[in-house]
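Below: one structure, written as structure tokens.
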Amino acid sequence: MSTGERTAEDRAAAIEALTATLNAGLDADEKAANRAARDHDGRWQVDPGDGSWGDDMIRAVTGRAVSALVDDMANCGPYQSAHIARHDPARTLRDVKAGRDLITAILAEPHDYNPCDEYYSCSQAEDPDPPPGEGGPGSGCADDDRAGQPCDCGRDARVERLLRILAGVYEDGGGR
């Protein structure tokens, strides 16, 4: 095996670790958004004040200042205010849901199954209509030498690559 190749166990462990990282990050994002939204309906907006630098204020829809840090406009100008408002709790919760839905869709991608000639199906392909007690990984591959062996259709490599892209958001080990 060349140094560029990975074992099926390495790839499976990477997929598991990436999924755990993503779920932990999404959980942290969701928790922070829910905490921030506690005292109002979760929507923030920019109150531009008189338009002078440092007069922008982020306010919850109820009209109260979101935090003392944002309230101190010496450190927060109009661009920062707009950025903060665009990441209000409601939007973050939508991002979390979209992230979880995307992870579910990526992990649900099936291995290649060729119903016309199962010999050419992935070694991990599952028979979509197996006889009772005969389903599971490899049941859709008619090549007995390959059936049940590590993925050979590229599905696992694609899943790992896509999860790595998503996990890049949490490279620092924390939430947003």
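Residues in region 127-176 that are free of Cβ contacts under 8 Å to residues at least 60 places away in the same chain and part of a helix (DSSP H, G or I): Arg155, Arg158, Arg161, Leu162, Ile165, Gly168. Examine region 5-15 for a residue that is closer than 30 Å to Asp152 by Cβ, assigned to a loop (DSSP other than H, G, I, E, B) and modelled with pLDDT of 70 or more, and state whether such a residue exists. Yes, there is a match, as at least one residue in region 5-15 is closer than 30 Å to Asp152 by Cβ, assigned to a loop (DSSP other than H, G, I, E, B) and modelled with pLDDT of 70 or more. Which residue pairs have Cβ atoms closer than 8 Å, lie 6 or more positions apart in sequence or on different chains, and pair a first residue in region 76-102 that is under 11 Å from Ala33 (Cβ atoms) with a second residue that is surrounded by 15 or more Cβ atoms within 10 Å (Cβ to Cβ) and modelled with pLDDT of 90 or more? Once the first residue is under 11 Å from Ala33 (Cβ atoms) and sits in region 76-102, its partners that are surrounded by 15 or more Cβ atoms within 10 Å (Cβ to Cβ) and modelled with pLDDT of 90 or more give Thr92/Asp29; Thr92/Glu30; Leu93/Glu30; Asp95/Asp29; Val96/Leu26; Val96/Asp29; Val96/Glu30. Contact list please: Cβ distance under 7 Å, first residue in region 1-16 and closer than 21 Å to Ile103 by Cβ and of a type in the set (D, E, K, R), second residue modelled with pLDDT of 90 or more and crowded, with 16+ Cβ neighbours inside 10 Å, pairs at least six apart or on different chains. Going by the 7 Å Cβ cut-off, the qualifying pairs are Arg11/Asp156; Arg11/Glu160. Within region 107-132, if we keep just the residues that are farther than 26 Å from Asn23 by Cβ and among the charged types (D, E, K, R), the residue that is farthest from the chain's Cα centre (by Cα) turns out to be Asp117.
The values are calculated or read from the model by the stated rules, or taken from the named source; none is laboratory data. Note that this is a predicted model, so its numbers are computed, not measured. When we count neighbours, we look across all protein chains shown, and the Cβ atoms used for this are built from the backbone with ideal geometry, even at glycine.
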